[in-house]
Amino acid sequence: MSEEKLTPRSEDFSEWYNQIVLRAKLADYAPVRGCMVVRPYGWALWENIQQALDKRFKATGHVNAAFPLLIPMSFLEKEKDHVEGFSPELAVVTIGGGEKLEEPLVVRPTSETIIGSMYSKWIKSYRDLPVLINQWGNVVRWELRTRLFLRTLEFYWQEGHTAHATEQEAREETMRMLNVYADFAENEAAVPVISGVKSQAEKFAGANMSTTIEAMMGDTRALQSGTSHFLGQNFAKAFNIQFLDENNTLQYAWTTSWGLSTRFIGAIIMTHGDDQGLIMPPRLAPIQVVIIPIYKSDSETTAVMEAAWRVQAELQAAGIRVKMDDRREVTPGFKFNDWEMRGVPLRIEIGPKDVEKKTVALARRDKPGREGKSFLPQTDLAPLIANLLEDIQKSMLGRAAAFRDEHIYNPKDYGELQEVVQNGWAYSFWCESAECEAKVKEDTKATTRCIPIDQEEGKGKCIVCGEDAKRKVYFARAY
Ligand SMILES: [Zn+2]
């Protein structure tokens with residue numbers, strides 16, 4: 001199966017993506033339409049994503065907890081924008097244990113409501129604040145058009161939910177977690193992102209302000225890869241999250257929520273993959289190094305395997321995630337293709353000649369062909385391999401950032417904007433009116449992705465209507 005060529009990215013990006021997910025054995029289609037089965041290799045990647053994020057959450061003072069999957073329907077109805085935004089996507093349980101339920105239960109699409117109701121019980125005084133809780137779990141949103149990892153009925157994610165005494169603290173928390181996501185994306189996944197604020201039309205249902213990290217995929221479309229929301233006092237008022245402040249006055253809390261999901265696996269695939277398959281960023285790769293022993297005769301086998309095991313043990317001891325592929329039923333060539341498809345960053349080949357010379361042959365996944373080949377001595381190999389993995393990580397981020405920057409344009413007028421968003425992003429002044437935003441979407445299918453936070457307030461003319469505009473926004477077609 002792995003010897004059959006992938007559909008090239010340039011020919012059909014979407015088909016290329018689907019084939020990689022299936023052939024790299026990341027996920028498979030479930031019997032229920034729109035659901036996915038995450039296979040062990042995909043789950044191992046998700047576990048590494050979880051660990052990288054979880055340690056950042058804990059370092060910023062958060063703790064984990066678990067809230068129920070089922071939420072009373074009436075809870076969602078308490079926050080008007082929230083229920084309006086989510087009701088078309090809800091899965092609702094009406095029968096339990098063979099009996100019609102008095103109140104329908106929603107399978108959580110997100111947990112602001114149920115967590116808000118618990119916070120109203122737990123928070124009484126300013127001394128109880130801030131509450132900084134994260135949960136790892138799954139949610140269900142009844143999507144009509146689905147793609148493995150990118151948009152599925154059920155997906156896995158983390159959702160952080162925090163409550164604060166002041167607006168400023170809650171706003172700071174929103175930005176802190178956005179920065180955590182950006183740091184994770186760039187430093188662990190080698191996915192360069194642009195951080196910014198969502199437009200009113202694109203924000204989370206029930207939020208005052210949504211922020212996002214946006215990444216450019218290999219076909220130049222944008223992928224919203226993580227979001228952090230400032231919820232104001234909307235959920236505090238809906239769920240009565242009140243506390244006595246230092247002056248004994250009753251106040252509503254300020255809340256935030258933030259999430260990153262298995263969708264991010266789609267971002268990794270579409271940022272780094274090539275026509276041979278997936279390319280895993282070393283820091284998240286379930287397997288960082290694969291060893292392929294090469295031999296013909298029995299005497300070669302013994303010597304080669306001995307060297308291969310020694311190398312494996314040394315790398316393992318150094319904390320490198322290494323796999324030995326000693327399958328006998330397939331050829332080395334088949335194995336090369338197979339591990340290239342699955343994106344293992346570094347391949348080590350050991351054959352009889354290497355045994356003689358006490359060397360190993362290396363092949364980098366991110367640099368196909370001769371450019372990525374080298375030889376290293378078998379002794380003290382681990383630190384050299386660790387350096388190489390770091391180099392691959394850096395070079396992947398550099399390449400992705402260069403690709404993105406090459407495809408960001410500053411169109412001079414609306415006509416040019418319509419052209420450039422067909423194969424890139426436009427970074428343009430926008431008057432922030434819903435009309436201009438809707439017009440771009442209608443004319444080009446491009447949406448506003450985000451208004452970068454760090455931009456200086458300027459003076460310009462809206463690229464659509466020509467009226468005065470203060471800030472620039474990214475327009476792009478998106479997943
Ligand atoms: Zn305008």
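The values are calculated or read from the model by the stated rules, or taken from the named source; none is laboratory data. Just so you know, these numbers come straight off a predicted model, no measurement behind them. Here the Cβ is made from the backbone with ideal geometry for all residues, glycine too, and neighbour counts use every protein chain on show.
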Exercise for review: Identify all residues within segment 402-443 that are among the basic types (Lys, Arg) and out of contact with any strand residue (DSSP E or B) (no Cβ under 9 Å at 6 or more places or on another chain); write none if there are none.
Suggested key: Lys412, Lys439
Study note, to complete from the structure: Filtering strands (runs of 3 or more DSSP E) wholly in segment 386-479 for at least 2 residues that are away from the ligand (no atom under 16 Å from the Cβ) and buried (at least 18 other Cβ atoms within 10 Å of the Cβ) gives 447-452
Exercise for review: Considering every residue within segment 204-213, establish whether at least one is in contact with a strand residue (DSSP E or B) (Cβ under 6 Å, 6 or more places away or on another chain), among the hydrophobic types (A, V, I, L, M, F, W, C), modelled with pLDDT of 95 or more and not in a loop (DSSP other than H, G, I, E, B).
Suggested key: yes
Review point. Has segment 139-155 got at least one residue that is of a type in the set (Ser, Thr, Tyr), buried (at least 22 other Cβ atoms within 10 Å of the Cβ) and more than 30 Å from Pro282 (Cα to Cα)?
Key: no
Check your understanding: Out of Lys237, Lys335, which single residue is surrounded by 17 or more Cβ atoms within 10 Å (Cβ to Cβ), modelled with pLDDT of 95 or more and over 28 Å from Tyr479 (Cβ atoms)?
Key -> Lys335
Exercise for review: Those residues that are under 11 Å from Ile123 (Cα atoms) and among the hydrophobic types (A, V, I, L, M, F, W, C), I need them from segment 237-250; list them, please.
Suggested key: Ile241, Phe243, Leu244
Study note, to complete from the structure: Inside segment 151-202, the number of residues satisfying the requirement of being closer than 28 Å to Glu390 by Cα and in a loop (DSSP other than H, G, I, E, B) is 6
Practice item. Would you point out the residue of segment 323-360, among those that are of a type in the set (Val, Ile, Thr) and within 20 Å of Ser374 (Cβ to Cβ), that is nearest to the chain's Cα centre (by Cα)? Key: Val344
Review point. Taking helices (runs of 4 or more DSSP H) that fall entirely within segment 231-341, which contain at least 2 residues that are within 30 Å of Glu77 (Cβ to Cβ)?
Key: 234-239
Exercise for review: For segment 446-469, indicate whether the set of residues that are in contact (Cβ under 8 Å) with a residue 40 or more places away in the chain and of a type in the set (Lys, Arg) is non-empty.
Suggested key: yes
**Study point:** Unique residue being under 30 Å from Gln288 (Cβ atoms) and crowded, with 16+ Cβ neighbours inside 10 Å when the list is Gly85, Gly42
**Key:** Gly42
Revision key, fill the gap. Within segment 17-68, residues being in contact with a Phe, Trp or Tyr (Cβ under 9 Å, 6 or more places away or on another chain) and on the phi > 0 side of the Ramachandran plot number 2
Check your understanding: If you check Ser225, Ser210, Ser299, which single one turns out to be surrounded by 24 or more Cβ atoms within 10 Å (Cβ to Cβ), among the hydroxyl-bearing types (Ser, Thr, Tyr) and either more than 15 Å from the chain's Cα centre (by Cα) or farther than 30 Å from Asn387 by Cα (or both)?
Key -> Ser210
Check your understanding: Has segment 116-131 got any residue that is assigned to a strand (DSSP E or B), closer than 18 Å to Gly232 by Cα and touching a strand residue (DSSP E or B) at 6+ places or on another chain (Cβ under 8 Å)?
Key -> yes
Point to revise | Every residue from segment 25-63 that is of a type in the set (D, E, K, R) and not in a helix (DSSP H, G or I) | key: Lys25, Asp28, Arg33, Arg39
**Study point:** Complete set of residues in segment 53-71 that are of a type outside the set (S, T, N, Q), surrounded by fewer than 17 Cβ atoms within 10 Å (Cβ to Cβ) and within 15 Å of Asp183 (Cα to Cα)
**Key:** Asp54, Lys55, Lys58, Ala59
